[in-house]
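Written out below as structure tokens is the structure these notes cover.
The values are calculated or read from the model by the stated rules, or taken from the named source; none is laboratory data. Everything numeric in this text was worked out from a predicted model, so none of it was measured. Note that each Cβ is placed from the backbone with ideal geometry, even for glycine, and that neighbours are counted across all protein chains shown.
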Amino acid sequence: MDRAQLADFLRRRRATLQPEDVGLRRGPRRRTEGLRREEVAALSDMSTDYYSRLEQSRGPQPSEQMLAAIARGLRLTLEERDHLFRLAGHTAPARALRSEHVSPGLMRVLDRLADTPAQVMTELGETLAQTPPAQALFGDETRFEGFRRSVGYRWFLEPGARDVYPADDHPMHSRSFTADIRTVYAKHGPRSRAGQMVRALLDESPEFAELWEAHEVRSTHPREKRLQHPEVGVMDMQCQILLDPEQGQTLLVLTATPGTESYEKLQLLSVIGTQEVGSAR
């Protein structure tokens, strides 16, 4: 680990980012060149003290998970992310696993959706980044590890994962998640991570095994979705998806028709999300 070079790289990358680049407002009294340390720490979901010590060449060696979070917080390119890993004494992640890294362009789009439920996901349904309203609706989906990172895996093995959808819609979503997993399985093969997850689900979920045997290959995810939240109730939402084929990622955006009750509930959810995430940070 090259602490001096790591600290220098972090400081210089922070100085090149402006508040507008990450969806923040520029206050009238701002004197800092670029972002403040506490802003980068918040964007990276870590404490200001931890991030500050890295910039001051006195922090511990960050884990790969921490480095990935910093790369997203600083909106690094793949080349910059790899450089960050090497400075911290880690091998740069294999480019075959590039879907773990959110491109700066996709992050800029996400930054401008701060009042909308939106999140970046891998093809296996692993959430890499969320807006505050998305966290208020789905919970913090970036905290999971292993196969639990996949929403499809949690859907079949963790009953609480279904709470965001009305019970009447659960059979439809079970078929949709199975079809989505099959698509990734067919693309990458039985020896891939998708193949390992399928075998785990077949062993542990009779429902998944039954749906898998049906061999349905067409995704049945509707563009119109019903979602529910314990504080605002059921909402009729429209789901839009932006695909980044190079990274193998999707940006999922949920909106509601203006003037409807669902739209009013969504506005309230945005306020709840901002307050909850602010309190957590």
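Annotations
- Across the stretch 74-89, the number of residues qualifying as touching an Asp or Glu at 6+ places or on another chain (Cβ under 8 Å) and either assigned to a helix (DSSP H, G or I) or outside the structural domain of LEU10 (by TED's automatic domain parsing) (or both) comes to 2.
- Residue in the stretch 35-44 that is hydrophobic (A, V, I, L, M, F, W, C), closer than 30 Å to ARG193 by Cα and either in the same structural domain as GLU246 (by TED's automatic domain parsing) or in contact with a helix residue (DSSP H, G or I) (Cβ under 7 Å, 6 or more places away or on another chain) (or both) present: yes
- Residue, farthest from SER150 (Cα to Cα), within the stretch 189-215, restricted to residues that are of a type in the set (Lys, Arg) and free of Cβ contacts under 8 Å to residues at least 12 places away in the same chain: ARG191
- For the stretch 124-152, the set of residues classified as charged (D, E, K, R) and either within 12 Å of the chain's Cα centre (by Cα) or not assigned by TED's automatic domain parsing to the domain that holds LEU227 (or both) consists of GLU126, ASP140, GLU141, ARG143, ARG149, listed by residue number.
- Take the conditions (1) within 29 Å of ILE272 (Cβ to Cβ); (2) in a helix (DSSP H, G or I); LEU54 misses just one of them, which is (1).
- Screening the stretch 168-240 for helices (runs of 4 or more DSSP H) wholly inside it with 2 or more residues that are among the charged types (D, E, K, R), modelled with pLDDT of 90 or more and under 20 Å from LEU252 (Cα atoms) returns the ranges 170-188.
- Flag for ARG31 being farther than 16 Å from PRO104 by Cβ, out of contact with any Asp or Glu (no Cβ under 9 Å at 6 or more places or on another chain), of a type outside the set (S, T, N, Q) and not in a loop (DSSP other than H, G, I, E, B): no
- Looking only at residues in the stretch 1-25 that are assigned to a loop (DSSP other than H, G, I, E, B) and more than 19 Å from LEU113 (Cβ to Cβ), the one that is modelled with the highest pLDDT is ASP2.
- Of the set (1) among the polar types (S, T, N, Q); (2) within 18 Å of GLN130 (Cβ to Cβ); (3) in a loop (DSSP other than H, G, I, E, B), all apply to GLN65 but (3).
- Search result, residues across the stretch 111-135 that are assigned to a helix (DSSP H, G or I) and modelled with pLDDT under 90: ASP111, PRO132
- Count of residues meeting criterion [touching a residue at least 60 places away in the same chain (Cβ under 8 Å) and in a loop (DSSP other than H, G, I, E, B)] in the stretch 242-272: 3
- Count of the stretch 12-48 residues which are of a type in the set (Lys, Arg) and buried (at least 18 other Cβ atoms within 10 Å of the Cβ): 3
- Residue in the stretch 148-157 that is within 30 Å of PRO19 (Cα to Cα), among the hydrophobic types (A, V, I, L, M, F, W, C) and buried (at least 16 other Cβ atoms within 10 Å of the Cβ) present: no
- Qualifying residue in the stretch 96-103 (condition: surrounded by 20 or more Cβ atoms within 10 Å (Cβ to Cβ) and closer than 24 Å to GLN196 by Cβ): yes
- Which listed residue, of SER63, SER47, SER52, is at pLDDT 85 or above, farther than 22 Å from ASP140 by Cβ and of a type in the set (S, T, N, Q): SER52
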